[in-house]
Amino acid sequence: MRSISPILLFFLLVFGPACNNSARQNEANQAASLSLSVADYGQTDEGPAKLYTLKNKNGMQVEISSYGGIITRLLAPDKNGQLDDVVLGFDKLEDYQNDHPYFGAIIGRYGNRIAKGKFTIDGQEYSLATNNGANALHGGPTGFHKHLWQVKTAGRKGYVGIELSRLSPDMEEGYPGNLNATVRYLLNDKNELLIEYEATTDKPTVVNLTNHSYFNLKGAGKGDILGHELMIAADSFNPVDSTLIPTGELRPVEGAPFDFRTPTAIGARVNADNEQIRYGRGYDHNFVLNRTGRGMVPAASVYEPTTSRFMEVWTTEPGIQFYCGNFLDGSNIGKGGLAYAYRTGFCLETQHFPDSPNHPDFPSTVLRPGEQYETSTVYRFGVKE
């Protein structure tokens with residue numbers, strides 16, 4: 001056995017405990033900078049709802065309801081350190097229980113549209129609840145956004161968070177299989193909100209989970225989002241038909257109003273004389289992210305010039321739906337009594353492609369027994385000088 005020199009032994013005896021104490025203190029300080037609290041939020045048909053609040057050392061705060069897994073509030077600092085709520089939503093649970101455009105909610109089983117509410121797995125055709133003309137949208141009229149989730153704490157080193165779970169029973173909204181779904185919301189001191197999704201099934205089914213937060217980096221209800229500068233790391237997008245179902249083509253963004261490979265104001269081309277723009281009443285399209293292999297990649301970034309707020313989106317998903325609030329019309333009265341008017345919020349929904357079950361060339365959304373559905377997305381907030 002190799003002996004330890006007297007000098008080294010001296011340093012280990014004298015400074016070792018101090019180093020260990022310092023490391024433990026740093027970990028304790030980091031843990032103290034992150035906090036989780038819970039409050040009663042009201043009653044639902046499935047039981048009482050809770051509201052969970054995650055906070056970090058910078059004052060960033062995320063509030064999440066056990067009903068629908070909804071991000072009801074997200075406070076982020078501006079260039080002066082001023083915190084403001086940058087997601088659209090309501091002050092009361094009752095408003096989320098009424099019809100609304102999916103503000104802040106977990107979307108499932110299938111985010112986005114499935115044509116005519118039909119798909120086939122292994123020769124078996126399934127018919128879904130349709131709620132967007134002839135198409136199925138965002139899991140149906142009583143999708144994951146309309147259910148109470150079970151919640152437990154889910155902190156890990158450097159993060160504070162919660163884990164939501166629910167069993168979606170076989171044939172709920174027409175989807176086959178008992179699906180066990182789990183979603184974790186995790187916040188750190190880097191102003192990163194990490195969302196992790198997992199699911200298993202006992203029968204072949206389709207799964208495409210996402211979050212449907214509407215952002216306005218000026219602050220919820222504080223005007224339109226047309227001056228926000230958007231970048232999307234995508235060389236192509238999915239063109240759609242008049243019912244917003246993908247045609248199956250992957251079309252290059254170059255030379256079109258869909259080229260956001262360099263930061264461009266959302267309003268710069270939102271009213272362009274373009275068939276795809278007319279179909280979506282603006283932007284409501286899936287962008288095919290530039291990726292090689294698996295893992296987390298940069299998907300999008302948004303900069304708001306008057307506040308200097310900056311948001312980045314990273315994901316393991318192959319696509320991201322950019323929607324600029326074309327169907328907001330002022331009928332939703334949000335927080336503080338403010339009406340959410342036309343194009344006052346935008347969505348960046350990380351996802352597999354719309355109508356993938358009916359397009360074999362698209363990345364598959366089929367989940368089979370024995371497989372694990374796993375996907376992650378990070379929303380990172382900061383200030384751009």
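The values are calculated or read from the model by the stated rules, or taken from the named source; none is laboratory data. Just so we're clear, the structure is a prediction, and the values are computed from it rather than from any experiment. Positions of Cβ are generated from backbone atoms using ideal geometry, with glycine treated the same way; all protein chains shown enter the neighbour counts.
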Exercise for the section: For Y110, state whether it is at positive phi and either crowded, with 21+ Cβ neighbours inside 10 Å or in contact with a strand residue (DSSP E or B) (Cβ under 9 Å, 6 or more places away or on another chain) (or both). Expected result: no
Exercise for the section: At least 1 residues that are surrounded by 21 or more Cβ atoms within 10 Å (Cβ to Cβ) and in contact with a helix residue (DSSP H, G or I) (Cβ under 8 Å, 6 or more places away or on another chain) in each: list the strands (runs of 3 or more DSSP E) lying fully within segment 126-224 that qualify. Expected result: 160-168, 179-187
Exercise for the section: Consider only pairs whose beta carbons are under 8 Å apart and that are at least six residues apart or on different chains; among these, list those whose first residue lies in segment 179-208 and is without any contact (Cβ under 8 Å) to a residue 24 or more places away in the chain and whose second residue is assigned to a strand (DSSP E or B) and among the hydrophobic types (A, V, I, L, M, F, W, C). Expected result: N180/L167; N180/A199; T182/L164; T182/A199
Practice task
State yes or no: is L328 under 20 Å from D85 (Cα atoms), of a type outside the set (S, T, Y) and assigned to a loop (DSSP other than H, G, I, E, B)?
Solution key: yes
Practice task
Determine which member of the set K55, K116, K50, K92 is at pLDDT 95 or above, of a type in the set (K, R) and exposed (fewer than 14 other Cβ atoms within 10 Å of the Cβ).
Solution key: K92
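Filter segment 225-242 for residues that are farther than 17 Å from F310 by Cβ and not acidic (D, E); which is surrounded by the most Cβ atoms within 10 Å (Cβ to Cβ)?
The first filter runs over segment 225-242 and keeps only residues farther than 17 Å from F310 by Cβ, leaving 226, 234-242.
Checking the rest, the ones that are also not acidic (D, E) come to 226, 234, 236-240, 242.
Values: L226: 17, A234: 25, S236: 17, F237: 27, N238: 25, P239: 18, V240: 21, S242: 10.
Only one residue tops the list, namely F237.
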Practice task
Considering each residue of segment 278-299, count those that are under 21 Å from E374 (Cβ atoms) and either acidic (D, E) or part of a strand (DSSP E or B) (or both), and give that number.
Solution key: 6
Problem - Search result, residues across segment 230-254 that are within 14 Å of G280 (Cβ to Cβ) and of a type outside the set (D, E, K, R) - result: F237, N238, P239, V240, S242, T243, L244, I245, P246, T247
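One line per residue, one yes/no per condition, for (1) of a type in the set (V, I, T); (2) closer than 25 Å to L83 by Cα; (3) in contact (Cβ under 8 Å) with a residue 12 or more places away in the chain:
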residue: V302; (1), (2), (3): yes, yes, yes
residue: F310; (1), (2), (3): no, yes, yes
residue: T315; (1), (2), (3): yes, no, yes
residue: I320; (1), (2), (3): yes, no, yes
residue: G336; (1), (2), (3): no, yes, yes
residue: G345; (1), (2), (3): no, yes, yes
residue: E349; (1), (2), (3): no, yes, yes
Exercise for the section: Within segment 258-281, work out how many residues are under 24 Å from the mean Cα position of the chain (by Cα), more than 20 Å from D355 (Cβ to Cβ) and of a type outside the set (A, V, I, L, M, F, W, C). Expected result: 6
Exercise for the section: Filter segment 96-117 down to residues that are charged (D, E, K, R) and touching a residue at least 24 places away in the same chain (Cβ under 8 Å) and give me whichever is nearest to Y67 (Cα to Cα). Expected result: R109
Completion exercise
Among residues of segment 356-376 being of a type in the set (S, T, Y), in contact (Cβ under 8 Å) with a residue 60 or more places away in the chain and within 17 Å of R109 (Cβ to Cβ), the residue surrounded by the most Cβ atoms within 10 Å (Cβ to Cβ) is S356
Practice task
Could you give me the residue pairs with C-beta distances under 9 Å whose first residue belongs to segment 263-279 and is surrounded by 15 or more Cβ atoms within 10 Å (Cβ to Cβ), whose second residue is in a helix (DSSP H, G or I) wherever it lies, and which are 6+ apart or on separate chains?
Solution key: R269/I277; V270/I277
